[in-house]
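Structure, as structure tokens:
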Amino acid sequence: MKYCSHCGNPVTLLIPQGDNRERFVCVDQHCEKIHYQNPCNITGCLPTYQNKVLLCKRAIEPRYGMWTLPAGFMENGETTEQGAIRESWEEANATLSIDKLYALYNLPYINQVYFFYKAELKNTEFSPGEESLEVALFSEEEVPWEELAFSVVKKTLQHYFMDRKTGEFPLHNEDLTNQRHNKR
């Protein structure tokens with residue numbers, strides 16, 4: 001950030017009085033606004049249908065042409081669950097029923113938090129949305145493991161196929177603390 005979004009003057013990175021973290025602050029006798037920057041929330045689904053998972057081939061960067069679960073940034077005014085449903089519709093024209101929150105990943109090194117909901121497709125009438133080149137159902141053996149866009153997607157799929165063997169689907173919560181864990 002170079003300029004104050006409130007008054008347009010340059011900002012300085014410093015620790016404001018009474019705070020303990022660096023923030024961008026409009027200083028030098030200007031508006032003195034403190035600009036708080038918070039993590040981005042990414043929400044999505046693990047849509048399943050008859051022991052297969054729905055994946056989307058990305059039509060956008062980052063990772064153009066690679067496979068992912070339908071997911072994206074939350075919008076203001078929506079819950080994580082609503083965002084997951086919206087993203088599944090936008091990326092795969094998929095209608096689904098949410099089962100439960102299934103995976104939560106904290107990626108502090110890129111200021112992101114991922115929420116994946118386990119969901120059941122209501123039907124197989126899905127198709128690529130604006131952000132997808134293709135969408136398809138995959139069994140565990142058919143998943144293009146080497147063509148997955150993000151490691152959080154790979155982890156979620158690995159958890160799902162392991163959990164499916166036991167019939168237990170606990171909440172998976174992990175902190176990924178360096179870039180080796182995610183190719184974003």
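Applying the selection to the range 150-174, what residues are among the hydrophobic types (A, V, I, L, M, F, W, C) and over 17 Å from the mean Cα position of the chain (by Cα)? Talk me through it step by step, then tell me what you get.
The initial filter retains those residues of the range 150-174 that are among the hydrophobic types (A, V, I, L, M, F, W, C), namely 150, 152-153, 157, 161-162, 169, 171.
If the condition is that a residue be among the hydrophobic types (A, V, I, L, M, F, W, C) and over 17 Å from the mean Cα position of the chain (by Cα), then Phe161, Met162, Phe169 are the ones that fit.
Counting only residues that are of a type in the set (Ser, Thr, Tyr) and in contact (Cβ under 8 Å) with a residue 24 or more places away in the chain, which one in the range 14-59 is surrounded by the most Cβ atoms within 10 Å (Cβ to Cβ)? Looking at the filtered set, the residue picked out is Thr43. For the criterion of being hydroxyl-bearing (Ser, Thr, Tyr) and out of contact with any Phe, Trp or Tyr (no Cβ under 7 Å at 6 or more places or on another chain), Thr48 passes. Tell me which residues, restricted to the range 139-173, are in a loop (DSSP other than H, G, I, E, B) and of a type in the set (Asp, Glu). Hits for the range 139-173 are Glu140, Glu141, Glu142, Glu168.
Scanning the range 94-129 for residues that are touching a residue at least 40 places away in the same chain (Cβ under 8 Å), out of contact with any Asp or Glu (no Cβ under 7 Å at 6 or more places or on another chain) and part of a loop (DSSP other than H, G, I, E, B) gives Ala94, Asn111, Thr124, Phe126. The test for being under 18 Å from Ser151 (Cβ atoms), under 13 Å from the mean Cα position of the chain (by Cα) and surrounded by 13 or more Cβ atoms within 10 Å (Cβ to Cβ) does not hold for Pro62.
Condition check ((1) in contact with a helix residue (DSSP H, G or I) (Cβ under 6 Å, 6 or more places away or on another chain); (2) farther than 13 Å from Cys45 by Cβ; (3) among the polar types (S, T, N, Q)) across all residues:
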| position | (1), (2), (3) |
| --- | --- |
| Glu81 | no, no, no |
| Ser97 | no, no, yes |
| Asn106 | no, yes, yes |
| Phe116 | yes, no, no |
| Leu133 | no, yes, no |
| Glu146 | no, yes, no |
| Lys154 | no, yes, no |
| Gly167 | no, yes, no |
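Here, each number is a calculation from the coordinates, and none is a lab measurement. As the structure is a computational prediction, the values presented were derived from the model and not from experiment. A quick note on method: Cβ atoms are made from the backbone with ideal geometry, for glycine too, and the neighbour counts reach across all protein chains shown.
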